[in-house]
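*Asks:* Pasting in a structure now, in structure tokens, and then I'll have a few things to ask.
No lab work stands behind these numbers, since they all come straight from the coordinates. Being a predicted model, the structure only gives us computed values, none of them experimental. Every residue, glycine as well, gets a Cβ built from its backbone with ideal geometry; the counts of neighbours run over all protein chains shown.
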Amino acid sequence: MIGEILTGLNILEKLGKFWNWIRGQKQAAPAESVATRFIRLFASHDVHRNQIPRFFGHGLLPKDVQDDASLFAKLDEAMLDAARMRFAVRREWLDGAETQVYPRHDLYKHPEKVAGFLESLKANNPDGDLDGVLLAPEEGEGEALLILQEKIGAVGDKPIYRYHLCNNWLFEYWKSRAYLAAFVAIAWKSKVHVRGVFMPRNELDRMATGDDLLIPRDEGVWAFGGKKWYPEDMALKPDVFLRGIDPERNNFGMAAGLELWLHLAQEGYMDTGLGMYDGAVVRRLFEQELAKCSGTQGNS
């Protein structure tokens, strides 16, 4: 008798799970078609559906973009690849096969590759302006995200941009902070101006995955709200460089960060190219700060 009751309960449990699954299937959003995703890609970069033929070309006519069915009939491999390249997104996302929209460029620990990376972007788009923004967590802990933007054209007076995500910068970690400062310094020396914005960590974590289309509109990356700051100061001012770094045991994190900063400066990676700053004076400030941190370590 008990066995029969248990069997009956097990069947009811399975039926409940089955109906929950059916209910979930009904509520799930339908998968996007390639045409829908194509339109959404342009819209997120501030190109209206009706403006796509004028901005993008490739044989598209206004009548081809009036509905997804008409557009789907026109899309081919060459056109999809051209859209992917125009906005620097992943073809797998455009196909609807994967969720990650943007490639992520991980240059952590590789300052020797930064200048070449920036120059390659300039070479591929010699008429476009290249600049960027460093988004840092306002809570002080979490991943920072550096977004480079380049102008790729205009619709009327409205500039259109594409974006490149440079990730894997744990903001409070001394080693990451030093390499991040070097990236920003190299960018400034390469005439790529990087501004700074503090943002809530939850927003930043979501953006850093590359799974969301960026929609900053007319102002490009300058449209991101939040407290503004000057990331190049990490390569110029010890107090800014150290701000928010996890000191770790006996101030090890701060001292190690300063030592790495000085090592990278010796290799030439902390030169911002900003003529109002004397490199020897800046280096001396960091050496003095390291002496103070080392003294703290010794007294602990």
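*Asks:* For each pair in Lys191/Lys228; Lys113/Lys158; Lys227/Lys292, compute the distance between the two Cα atoms and list the pairs where it is over 26 Å. Walk me through the numbers before you get to the answer.
*Replies:* Values: Lys191/Lys228 20 Å; Lys113/Lys158 33 Å; Lys227/Lys292 30 Å.
Result: Lys113/Lys158; Lys227/Lys292 exceed 26 Å.
*Asks:* Out of these labelled values of mean projected area of the Cα convex hull in nm², [x] 17.7; [y] 23.8; [z] 15.8, which was calculated from the coordinates shown here?
*Replies:* Derived directly from the coordinates: [y].
*Asks:* Compute the helix-to-body angle for 2-27: its Cα long axis versus the longest principal axis of the chain, expressed 0 to 90° and rounded to tens.
*Replies:* 80 degrees
*Asks:* Amide H of Ile152 versus every other amide H placed in the peptide plane: which residues, excluding those fewer than 5 positions away on the same chain, fall under 5 Å?
*Replies:* Residues meeting the amide H criterion: Ile160, Tyr161, Arg162.
*Asks:* Among Trp261, Trp222, Trp174, Trp188, which comes first, second and so on when ranked by fewest other beta-carbon atoms within 10 Å?
*Replies:* Result, fewest neighbours first: Trp222, Trp188, Trp174, Trp261.
*Asks:* Would you mind checking the tilt of helix 77-87 against the longest principal axis of the Cα atoms of the chain, expressed as 0 to 90 degrees and rounded to 10?
*Replies:* Approximately 40 degrees, to the nearest 10.
*Asks:* In what sequence, highest mean first, do 130-143, 147-160 appear when ranked by Cβ atoms within 10 angstrom?
*Replies:* Averaged packing, sorted descending, gives the order 130-143, 147-160.
*Asks:* Pull up the DSSP beta bridges for the chain and report the antiparallel fraction as a percent, rounded to 5.
*Replies:* On the way: 20 of 28 bridges.
Counting DSSP beta bridges with both partners in the chain, the antiparallel share is about 70 percent.
*Asks:* Taking the Cα centre of the chain as origin and charging only Cβ (+1 Lys, Arg; -1 Asp, Glu), how large is the dipole, in debye to the nearest 20?
*Replies:* Dipole about the Cα centre, nearest 20: 340 debye.
*Asks:* Could you pull out every residue, at least 5 positions away or on a different chain, whose amide H is within less than 5 Å of the one on Arg195? Hs are placed 1.01 Å off N in the peptide plane, and Pro or chain starts have none.
*Replies:* So Arg195 has HN proximity to Gly132, Val133, Leu134.
*Asks:* Of Lys122/Lys189; Lys109/Lys189; Lys189/Lys237; Lys63/Lys151, which ones are farther than 22 Å apart at the Cα?
*Replies:* Violating the 22 Å limit, Cα to Cα: Lys63/Lys151.
*Asks:* Could you give the angle, 0 to 90 degrees to the nearest 10, between helix 114-124's Cα long axis and the longest principal axis of the Cα atoms of the chain?
*Replies:* The answer is roughly 50 degrees.
*Asks:* Enter the per residue convex hull volume of region 34-94, computed from alpha-carbon coordinates, in Å³ rounded to the nearest integer.
*Replies:* 70 Å³
*Asks:* With a 10 Å Cβ neighbour count serving as the proxy for reagent exposure, in which order, fewest first, do Val281, Val240 appear?
*Replies:* Val281, Val240
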